[in-house]
1. Among the residues that make up segment 75-83, is at least one of them open to solvent by 40 Å² or more (accessible area, probe 1.4 Å), under 23 Å from Gly105 (Cβ atoms) and in contact (Cβ under 8 Å) with a residue 60 or more places away in the chain?
2. Out of Glu46, Glu64, which single residue is free of Cβ contacts under 8 Å to residues at least 60 places away in the same chain and within 13 Å of the chain's Cα centre (by Cα)?
3. Looking for something basic (Lys, Arg) and exposed (fewer than 13 other Cβ atoms within 10 Å of the Cβ) - is there at least one such residue anywhere in segment 121-136?
4. If I filter segment 127-154 down to residues being at pLDDT 90 or above and of a type in the set (Asp, Glu), which single residue comes out as nearest to Gly19 (Cα to Cα)?
5. For the structure I just gave you, tell me whether Ala91 is under 18 Å from Ser109 (Cβ atoms), within 12 Å of the chain's Cα centre (by Cα) and small (Gly, Ala, Ser).
6. In segment 53-105, what residues are at pLDDT 95 or above, outside any strand (DSSP E or B) and acidic (Asp, Glu)?
7. Out of all the residues in segment 12-49, which are part of a loop (DSSP other than H, G, I, E, B) and either in contact with a strand residue (DSSP E or B) (Cβ under 7 Å, 6 or more places away or on another chain) or buried (at least 18 other Cβ atoms within 10 Å of the Cβ) (or both)?
Amino acid sequence: MSVEERWVRLVVYVPPGHGPSRWAFVDKYTIKAGEHNTGPHFFMMEALVPPGGGPPPHIHHHEEEAFYVLDGTVDLFDGTGRTELESGAFAHVPRGSVHNFKNTGDRPSKLLIMFLPGGKDRFFLEAGVSADDGAPPPPADQYLLDVERALEVAAEFGDEYLS
């Protein structure tokens, strides 16, 4: 059986609260499906975004990205304007599109974020700070260093962050 056939036939179950977690851009990202369990075709993570959280505007040159809001609200910037996404809303961002999201509410938001094809999980694992086993977010004075590291790593994964 080839590696491709193995991934197609493998049923994956990830219990609540499980999956590698990373702090990045003050958000907590928990990888539910990635190369480690679904192969190179699909990547999905759960994002816990505190008020004011979210990444800077950026472009993914290799992947499509989609968002499904589980709880709370986020504002999605699509390069021309912002759209408020409430609980239950879905948005698709085609590769090559400028975008970002930001929690403008007063409570954390929870999202599912999906990428096709997969592989973007390696970015979060490399650029983020471990949030496994309940590790707290990095101290505020370390935040800018963590963002700088993420921006440096981004180019390796076909991402472009805009100022």
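The values are calculated or read from the model by the stated rules, or taken from the named source; none is laboratory data. As the structure is a computational prediction, the values presented were derived from the model and not from experiment. Cβ placement follows ideal geometry from the backbone for every residue including glycine, while neighbour counts extend to all protein chains displayed. Each accessible area value is taken on the protein alone, full model and side chains, heavy atoms only, with ligands, DNA and RNA left out. Shrake-Rupley method; radii C 1.70, N 1.55, O 1.52, S 1.80 Å.
1. no
2. So the residue among Glu46, Glu64 that is free of Cβ contacts under 8 Å to residues at least 60 places away in the same chain and within 13 Å of the chain's Cα centre (by Cα) is Glu64.
3. From segment 121-136, those basic (Lys, Arg) are 122; that's our starting set.
Now drop any that are not exposed (fewer than 13 other Cβ atoms within 10 Å of the Cβ), which leaves none.
No, segment 121-136 contains no residue that is basic (Lys, Arg) and exposed (fewer than 13 other Cβ atoms within 10 Å of the Cβ).
4. By that ranking, first place goes to Asp132.
5. On the way: under 18 Å from Ser109 (Cβ atoms): yes; within 12 Å of the chain's Cα centre (by Cα): no; small (Gly, Ala, Ser): yes.
Criteria not met by Ala91.
6. Those that are at pLDDT 95 or above, outside any strand (DSSP E or B) and acidic (Asp, Glu): Glu63, Glu86.
7. Val12, Val14, Gly19, Pro20, Phe25, Val26, Gly34, Gly39, Phe42
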